[in-house]
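Report on the following structure.
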Amino acid sequence: MRSGVALSTLGELAERVRPVTLTREQRLPVLPALEGLLPGAGLRRGATVSIGSPPGVGGVTSLALALVADASRLGSWVAAVGLPSLGLVAADELGVALERLVLVAAPERDAWGGVAAALVDGFDLVVLHAGRSGVRPADARRLAARARERGSVLLQLGPGWPEGADLQLQVTRARWEGLGDGHGHLQARKVRVSRSGRGEAAQPRRADFWLPGPDGLVAVVADDVVVDPVAPARPLRAVG
Amino acid sequence: MTAVRTLVVRCADWPIVAAGVALDVPAAVVYANRVVATSPAARQHDVVQHQRRREAQSRCPALEVLDHDPARDARIFEPIVAALDALTPRVEIALPGQVAFPTRGPSRFFGGDDALMAQAHTIVSEALGERGGCQVGIADGPFAAVLAAQAARPTMVIAPGGTPAFLMPLPMATLDRPELVDVLGRLGLRTLGALAALPERDVLARFGAEGREAWRLASGLDERPPALAPPPDDLTVSVELDPPADTVAPAAFLARGLAEELHQRLWARGSACTRVVIGAETEHGEHLERVWRAEGALTAAAIADRLRWQLDGWIGGSARHRPTAGISRLWLAPDEVVPAGGRQLGFWGSDAATGDRARRAVARVQGLLGVGSVAVPEWRGSRDPATQIALVAAEAIDLTAERPGAQRDRVLGPWPGRLPTPSPAWVHGEPTAAEVVDAAGERVLVSGRGTLSASPRRLSVTGGPWADILAWAGPWPLEERWWDTARRRRRARLQLVTADGQARLVTLESGTWHIEATYD
């Protein structure tokens, strides 16, 4: 057992220190549950990823946090721009290392390009929210080119992005479990994520996840996982 | 070889004096919720350093709490340093409120240590005026001289060669190395004399370089064996200011880059500096120069801080001391260079290198968006998703250093009343107004006993369209700080899932509903 673990650790290490890698082979690791969704089982350095959802379906922010979690845990720095309302406790629960997370206030539309370019230079992962005003097409193109050159991954959230990203993820369905009619509490959420994109991501794919699962972890939905509905508590009545 | 004979002038409780508070008023300077300096009056009420703010206030309710502002301390200290320039050009500032200089030349000129000390005391007392007293100490080496100044009433000379005897009975805690002092204490070494009595070789073998530094200090020697070669000239870095700066802001902006450059140059040679000369030249050709010294190696951020404080001292000073024209050139020269005992970069994608890259990017963004635009998370104890983690401005923090504040285990206590996990991924900074109604369209309310007036059926966000509530749970009442009439809060919280599939946390406070967070 122990040697098995050691061997797999060694294998992982060998993979990480392999001397020759092509740029397009360099990938940032993601949580095991998300590997099936991404081409090459990781976030390719230099790629742009857009994450969206049709109106009324949530889960975009959590999916973005889950995508950066593993790389962040293994030492990459993450910058979040224009996300002042990011739930940092949730980020921690999903596995993001808060000591390597930096939040940047949303810049003015004119300063956008400069700020994002500076961040791409310094951070492996940059999560961007375009905000209401959106991003100028020229800025977005320049930014994508810069990320490609520097090997950073751009994650674009929300609407307002003029360019089609290399990898487009859509949360098409989300359902919360654990909450009843006056009892229980939110425990787990099942989401369906569909992928489209360019190049190696061109082949569409779809997967169901727990984001998060009943145990708080991101996992691929297996059919036999059932969340126990919490026993309905008798509602409190005022007495005396 | 004994240490360089040094004179130290210490203005007692300088942060309090610089804040303009009389020393007979109980006052404390608080930084990061801890007391960092106290006035004598506060000490009489048992307010001491490292205490929590709340504890200090409970011991002395009349305590005046002051903000920690090293720039102010340095600015107000500058005229006093300038006054000492009459004695020697080699005044070193250790920190605002404490200066040191070697006595060899001035002592001979003024006719002995005692005469020099009297001179220094008179000059500083005059410069201080009514604002408090100063202490002067002379001993072999800056470490012993600081201790002599602390013990001085108001002056004290330790005769040449007498320093080891002076240090011998002092407690080990005077070495500012808590971990080492703890270990030595457990070994039964409680005074500096006990440590100095051990053979240097054995201390080095057992405690490494840090132990040897402690041994050297305890023996009345310099912390490190003196460096024989002065640093070569080419390490000086300078920057021209065009147009010349007559306010602090533009110069301070360049200070950061300049400090970074000096640090990089030293780093490339595997060294770091413990003493740095900060120089400036004005349009009228005035030459300003100050030496700053630190106990350990100065980091880039520490050099930048000192440069900014010094600029503040020059430019922000009174009309008599400030230069007559704008500053046109700034330079930094390392005065004492030691081998950098810093981190060795890791072999594979090391943390330190990526942290450094991130820090530089953050500095650039701050330049573009202004100070305060970049923040990093730190844990706080709380029951709200919004306040469990506070955002701290990045300039207050060394991003490359270990940051215990960002670790979850820093939160002590169970904080009963917290919501169960998972936590919401979207926390509204400003709560969004909402309306929650029952089947009859009446607003749902929560009674004093924590029961709902009716089951919630529909939700409207900021007056928008109504959405049916599919599932809900609560109310979870929360009553905080009931003892404080100004800051008390009573709330009841509900989790809701509406027909559009969104899960939200809504709060009822003073009869109105708000969306506190969204489980996005």
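FYI, it's all coordinate maths here, none of it is from the lab. Computed from a predicted structure; not experimentally measured. Here Cβ is always computed from backbone atoms with ideal geometry, including for glycine, and neighbour counts include all displayed protein chains.
Can you compute log10 of I(q)/I(0) for segment B:168-218 with the Debye formula, treating each Cα as one identical point scatterer, at q = 0.29 Å⁻¹?
Computed log10 I(q)/I(0) values: -1.27.
³J(HN,Hα) across segment B:401-408 via Karplus (A = 6.51, B = -1.76, C = 1.60, θ = phi - 60°), whole Hz, x for Gly/Pro?
Taking θ as phi minus 60°, the curve returns 7, 5, 10, x, x, 8, 8, 4 Hz for segment B:401-408.
What is the mean number of Cβ atoms from other protein chains located within 10 Å of the Cβ atom of each residue in peptide A:94-104, rounded to a whole number?
Numbers: counts 3, 0, 1, 2, 10, 13, 8, 4, 11, 7, 10.
The shielding value for this peptide is 6.
Across bins of 5 angstrom width beginning at 0, how are the C-alpha pair distances of segment B:136-286 distributed, in whole percent?
2, 8, 14, 14, 12, 12, 11, 12, 8, 5, 3, 1, 0
Could you work out the Kirkwood radius for the protein assembly as shown, taking every pair of different alpha carbons, averaging 1/r and inverting it, reported in Å? Provide the component values of the computation, followed by the final result.
Numbers: mean 1/r = 0.0332 Å⁻¹.
About 30.1 Å, per the Kirkwood formula over Cα pairs.
Quick check: the angle from helix A:137-150's long axis to the longest principal axis of chain A, C-alpha only, nearest 10 degrees?
80 degrees
Rounded to whole Å, give me the distance from the Cα center of segment A:38-110 to that of segment B:79-123.
Value for the Cα centre distance between the two parts: 56 Å.
Given a Förster radius of 56 Å and the C-beta distance between B:Ala325 and A:Thr9 as r, what FRET efficiency does 1/(1 + (r/R0)^6) yield to the nearest 0.05? Mind showing how you got there, number by number?
Working: r = 65 Å, r/R0 = 1.16.
Computed FRET efficiency for B:Ala325 and A:Thr9: 0.30.
Within a 10 angstrom radius of the beta carbon, how do B:Glu179, B:Glu223, B:Glu200 rank from fewest other beta carbons to most? Each step should come with its number before you reach the end.
On the way: B:Glu179 8, B:Glu223 17, B:Glu200 14.
Ranked by crowding around the Cβ, least crowded first: B:Glu179, B:Glu200, B:Glu223.
Treat the count of other C-beta atoms within 10 Å as a stand-in for reagent exposure and order B:Ser238, A:Ser72, B:Ser39, B:Ser328 from fewest to most. Write down the numbers at each step before the final one.
Working: B:Ser238 15, A:Ser72 24, B:Ser39 27, B:Ser328 18.
Exposure proxy ranking, most exposed first: B:Ser238, B:Ser328, A:Ser72, B:Ser39.
Classify segment B:20-78 as rounded, prolate or oblate, taking a ≥ b ≥ c as the square roots of the eigenvalues of its Cα gyration tensor: rounded when a/c is under 1.5, otherwise prolate if a/b is larger than b/c and oblate if not.
Numbers: a/c = 2.40, a/b = 1.48, b/c = 1.62.
Here segment B:20-78 falls in the oblate category.
Rg/Rh for chain B to two decimals, with Rh computed the Kirkwood way over all alpha-carbon pairs. Each step should come with its number before you reach the end.
Working: Rg = 28.9 Å, Rh = 27.2 Å.
Rg divided by Rh gives 1.06.
Can you put B:Ser510, A:Ser194 in order of Cβ neighbours within 10 angstrom, beginning with the fewest?
Numbers: B:Ser510 7, A:Ser194 15.
Sorted ascending by nearby Cβ count, the order is B:Ser510, A:Ser194.
Segment B:390-478: which trypsin sites (Lys or Arg not before Pro) are DSSP loop and have at most 15 other beta-carbon atoms within 10 angstrom? Could the numbers behind the result be given before it?
Working: sites: B:Arg408, B:Arg410, B:Arg418, B:Arg443, B:Arg449, B:Arg457, B:Arg458; in loops: B:Arg418, B:Arg449, B:Arg457.
Answer by residue number: B:Arg449.
What Kirkwood radius, in Å to one decimal, follows from the Cα pairs of segment B:233-339?
Working: mean 1/r = 0.0728 Å⁻¹.
The answer is 13.7 Å.
Efficiency by 1/(1 + (r/R0)^6): what FRET value for B:Val371 and A:Ala207, r their Cβ-Cβ distance, R0 = 56 Å, to the nearest 0.05?
Values: r = 43 Å, r/R0 = 0.77.
So, using R0 = 56 Å, E works out to roughly 0.80.
Compute the signed sum of charges (Lys and Arg +1, Asp and Glu -1) over the other residues within less than 15 Å, Cβ to Cβ, of B:Gly20. Walk me through the numbers before you get to the answer.
On the way: positive: B:Arg72, B:Arg75, B:Arg131; negative: B:Asp13, B:Asp24, B:Glu64, B:Asp67, B:Asp69, B:Asp73, B:Glu130.
That sum, taken over residues with Cβ under 15 Å, equals -4.
Normalise the Cα radius of gyration of segment B:426-518 by 2.2 N^0.38 Å (N = residues in it) and let me know the number. Kindly include the intermediate steps, with their values, before the conclusion.
On the way: Rg = 13.0 Å, N = 93, 2.2 N^0.38 = 12.3 Å.
Normalised by 2.2 N^0.38 Å, the Cα Rg of segment B:426-518 equals 1.06.
Where in chain B are the DSSP H helices whose alpha-carbon span along the long axis reaches 15 Å or more and whose Kyte-Doolittle mean is at least -0.5? Kindly include the intermediate steps, with their values, before the conclusion.
On the way: long enough: B:70-84 (21 Å, 0.52); B:113-128 (22 Å, 0.42); B:200-218 (17 Å, -0.63); B:248-268 (29 Å, 0.35); B:300-315 (22 Å, 0.13); B:351-369 (26 Å, -0.26).
Span-like helices in chain B: B:70-84, B:113-128, B:248-268, B:300-315, B:351-369.
Across every pair of different alpha-carbon atoms, what Kirkwood hydrodynamic radius in Å does chain A reach?
Numbers: mean 1/r = 0.0519 Å⁻¹.
The Cα-based Kirkwood calculation yields 19.3 Å.
Between B:Ala433 and B:Leu235, what is the spin-label point distance in nm, taking each point 7 Å from the Cα along the Cα→C-beta axis?
In this crude spin-label approximation the distance works out to 6.3 nm.
Starting from the Cα of B:Gln150, step 7 Å along the direction of its Cβ; do the same at B:Arg52; then give the gap between the two resulting points in nm.
2.6 nm
If you average over every viewing direction, what projected area does the convex hull of the Cα atoms of segment A:70-198 give, in nm²?
9.2 nm²
Suppose only helical runs count, i.e. DSSP H with n ≥ 4. What mean residue ellipticity at 222 nm does that imply for the protein assembly as shown under -39500 (n - 2.57) per run, divided by all residues and rounded to the nearest 500 deg cm²/dmol? Can you show the working numbers first?
Details: 19 runs with 221 residues, N = 760.
Value at 222 nm, helices only, nearest 500: -9000 deg cm²/dmol.
Assuming 0.890 mPa s and 25 °C, estimate D for segment B:357-410 with Stokes-Einstein, Rh taken as the Kirkwood radius over Cα pairs, in µm²/s.
Details: Rh = 12.1 Å.
The Stokes-Einstein estimate is 203 µm²/s.
Residue by residue through B:451-464, how many Cβ atoms from other chains fall within 10 Å of the Cβ on average? Spell out each step's value before the answer.
Numbers: counts 4, 3, 0, 0, 3, 1, 0, 0, 0, 0, 0, 0, 0, 0.
Across the residues of B:451-464, the mean count of other-chain Cβ atoms within 10 Å is 1.
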